[in-house]
Amino acid sequence: MGRVIAYSEFDSYLRELEKLPISRGTILDTNILISLTYEVKSDHDEIVAFVEKLIGEDFRLFTTVNTKSEFLDFHRRLIMTEHLIDMVAADSSWRISKAARAQIQSQLGQLRRSEKQGGDPVFSDRQLKKIKSAFSAGAHSGQQGWLKLCDILLKHRLDESEVALSDFGIGYISQHEPLQEEFFGEKIDWPNAKRISEQTCVGLADSMILNAFSCSHFPFLISADFDIGYAALASKDLGDIVMPNKVAKKYREFHFDEVE
């Protein structure tokens with residue numbers, strides 16, 4: 001059974017780990033990557049401090065194909081959200097149709113309600129698709145088309161988001177990279193991800209991250225996702241998950257120590 005280790009317990013946990021021959025590396029889950037690079041997140045300072053601690057302890061930090069794609073998807077939605085909101089401001093110089101303006105305002109109302117319940121101030125893909133459908137693809141009647149907006153707002157911006165990870169010393173891990181073969185003990189296999197998902201109904205994206213972790217020699221994974229910790233605590237095969245204190249304490253009432 002894996003364990004959930006709170007940040008406040010990490011120093012003593014690391015002292016125990018260092019009595020063993022460990023691989024000094026770890027995978028960062030998507031929520032950690034987002035909090036690290038998005039200063040609006042309430043746990044930004046806490047995550048930055050913890051990542052700096054890991055670097056100070058000579059741990060190498062990695063993303064997987066799933067965590068990187070989810071991270072870039074968040075920043076894609078964030079960039080478009082910020083600019084779409086600007087387009088409906090009273091002093092906006094953007095020329096868009098009445099239909100597009102009305103759809104942005106409609107989705108913005110939903111976004112504000114979601115924020116009050118603790119959601120991120122970022123449009124979902126479902127909302128972005130509704131907004132996109134209100135625009136012409138190309139310029140029409142002197143109004144900006146969606147394709148041109150994407151060219152203006154998004155072009156090379158995802159590269160910038162990826163560089164933000166590199167600035168923290170976070171690299172991409174792959175079994176296909178010869179220099180990284182030492183990090184893995186077994187081949188990452190798709191059926192194993194399905195088995196992880198089936199055990200606790202964790203999403204497939206999360207189970208693929210957990211599967212990559214379980215195939216590695218890394219002693220722990222860093223996450224703030226309740227489902228990730230839950231899956232580790234319920235499994236005999238998954239390793240430890242290091243989590244912020246406020247997430248780690250949520251598992252106390254689930255009686256995982258009684259699971260056979």
Inter-residue pairs, beta-carbon under 7 Å, first on the phi < 0 side of the Ramachandran plot and in the range 224-253, second assigned to a helix (DSSP H, G or I) and basic (Lys, Arg), 6+ apart: PHE226/LYS250
Hits in the range 129-170 - residues which are small (Gly, Ala, Ser), surrounded by 15 or more Cβ atoms within 10 Å (Cβ to Cβ) and within 28 Å of THR63 (Cβ to Cβ): SER161, ALA164
Residue in the range 19-29 that is out of contact with any Cys (no Cβ under 8 Å at 6 or more places or on another chain), assigned to a helix (DSSP H, G or I) and buried (at least 16 other Cβ atoms within 10 Å of the Cβ) present: no
Selection from the range 131-186 of residues that are more than 19 Å from ILE222 (Cβ to Cβ) and among the aromatic types (Phe, Trp, Tyr): PHE135, TRP146
Filtered residues of the range 4-18 (kept if of a type outside the set (D, E, K, R), outside any helix (DSSP H, G or I) and out of contact with any Asp or Glu (no Cβ under 7 Å at 6 or more places or on another chain)): VAL4, ALA6
Yes/no for ARG252 being assigned to a helix (DSSP H, G or I) and modelled with pLDDT under 90: yes
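The values are calculated or read from the model by the stated rules, or taken from the named source; none is laboratory data. What you see is a predicted model, and the numbers here were worked out from it, not measured in a lab. Ideal geometry is used to build each Cβ from the backbone, glycine not excepted, and the neighbour counts take in all protein chains shown.
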